[in-house]
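This report concerns only the one structure given below.
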Amino acid sequence: MSYAYACDVCGCSASGFSAGFMNLNSSHFLGLSYKTKSYESTHPTLFANQPALVSSEQFQTLELNARWMPNKHVQIIANAPFHFFNRTENEVSETAYGLGDVSAIAQWVITNSSDSADDFLYRFAFGGGVKAPTGKSSFVSDAYQIIIPNMQPGSGAWDVLLNANGILKIKNWGLLTELNFSKNGTNKNDYKFGDRTGAKLSVSRWLSAKEKRIILRPEVGAQIMSSRYDFSSYSEGITNEFSHGYFVDALIGAQFLYKTWSFSASAQLPIAQNFANGTVESKWGAVLQIHYLIPKK
C-alpha cells in the first residue's frame, strides 16, 4: 500500500476561511452552516488512444459557527467543520468523512452604527487567525491505494488566515464585499496545499415589515477563488500540476431575519473557470445557514 500523495485529478475541496454570515449588529451569534459543491474531473491517460476516465465529486460540509464581540470594535469568529466527501468513478463510489480543520480569527471592526434600521450604515472588519490541523489527512483511496489530497477532511498542516469584509448600506440598498487569503503550511508527508485567495462582491436590498422586526434581504453577486500550485514534495520543490487555477461563480440568495434568528440560503453557478489545466470542472454549489443572535446584556 502506497501512502505517497498522488498527482491524480480530483475536485477542489474547500479551504481557507470565510466570514460566512455577516450582519450589521454588534451581537454575539451561534450558528450552523451546510455547504455543498460538486465537480467533474477528467483523468489523464497514459496513451493517446485510451478513453478518458471521468469522475464526479461531491463535497459536503456541516459547520458550527460562533462569534464573540467583547465590544463593538473587536470580534472573534470560530468555525468547526465536519466534512463528507464522495467520489464516483466507473460506477464505483468511495467516501471520506470526519472532523475538518477548525479555524479562528480576530478582527478589528469599524462601524458608524449597530442599528441596521439606519438609512446610512457601514461596517468593515479586518484581521487574521489560524487554521489548526484537527482533521484527518491520511484517508487512502480503496480504488487506487493512495492518498488523494483533495479527498482529505483535513490538510494536516497549520495555515495562516487573513480576512477582510465590509457592508455599506444606503437606505434599503447595500453593497457587501469580502476578501480572504490562506497561507498554507506543509504537513508531515511533505505535501503543501497551494495558497488560496478568495473574493466576493454582491448587491443586496433590505425589505422590512412589522416595525422592522422582520427583514428579508435578497442578494445577487459573484465570487472568485484562485489557488497556487500544490507541492507534492515541498522540500524537493516538486509541484502537483493538477492543482492550480481559478473558479468564478455567480451567486444568488436571500437572508430572512426575525427578532434574534437569521435564516439564509444561496446558490452558486460557474460562469468562468480554469483549474488543474482544465481537467476539473466546477458544477454547482449551495449554502444553507441558521444563526441565533445572542443579545448583549
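Working out 0.36 nm times the residue gap between Q273 and L168, then minus their Cα-Cα distance, what length gain in nm do you get to one decimal?
34.9 nm
Defining a contact as two alpha carbons under 8 Å apart and six or more residues distant in sequence, what relative contact order in percent does the chain show?
Normalised by residue count, the contact order of the chain is 18 percent.
Compare the Cα positions of F242, Q289, A276 along the charge dipole of the stretch 230-297 (+1 at Cβ of Lys, Arg; -1 at Cβ of Asp, Glu; about the Cα centre) and return the one farthest towards the positive end.
Of the candidates, Q289 comes out farthest on the positive side.
In nm, what is the difference between 0.36 nm times the number of residues separating H43 and Y292 and their Cα-Cα distance? It would help to have the intermediate numbers written out before the result.
Details: separation 249, 0.36 × 249 = 89.64 nm, distance 4.37 nm.
So the chain would gain 85.3 nm between H43 and Y292.
Mind checking which aspartates and glutamates have their Cα closer than 12 Å to the Cα of K169? Skip sequence neighbours fewer than 8 apart in that chain.
List returned: D115, D118, D119.
What ranking of W206, W173 emerges when the number of other C-beta atoms within 10 Å of each C-beta is taken as an exposure proxy, fewest first? Could the numbers behind the result be given before it?
Values: W206 19, W173 11.
The fewest-first ordering by Cβ neighbours comes to W173, W206.
Rounded to the nearest 20 Debye, what is the dipole magnitude of the stretch 149-296 about its Cα centre when Lys and Arg each give +1 and Asp and Glu each give -1 at the C-beta?
Details: 16 positive and 11 negative charges, 225 e Å.
The calculated dipole for the stretch 149-296 is roughly 1080 debye.
Using the crude model of +1 on Lys and Arg Cβ and -1 on Asp and Glu Cβ, and no other charge, please compute the dipole size for the stretch 53-177 relative to its Cα centre, in debye to 20.
I would put it at about 560 debye.
Quick check for me: using +1 on Lys/Arg Cβ and -1 on Asp/Glu Cβ, what's the dipole size of the chain about its Cα centre, in debye to the nearest 20?
1600 debye
FYI, it's all coordinate maths here, none of it is from the lab. Since the structure is predicted, the reported quantities are computational estimates derived from the model, not experimental observations. Ideal geometry is used to build each Cβ from the backbone, glycine not excepted, and the neighbour counts take in all protein chains shown.
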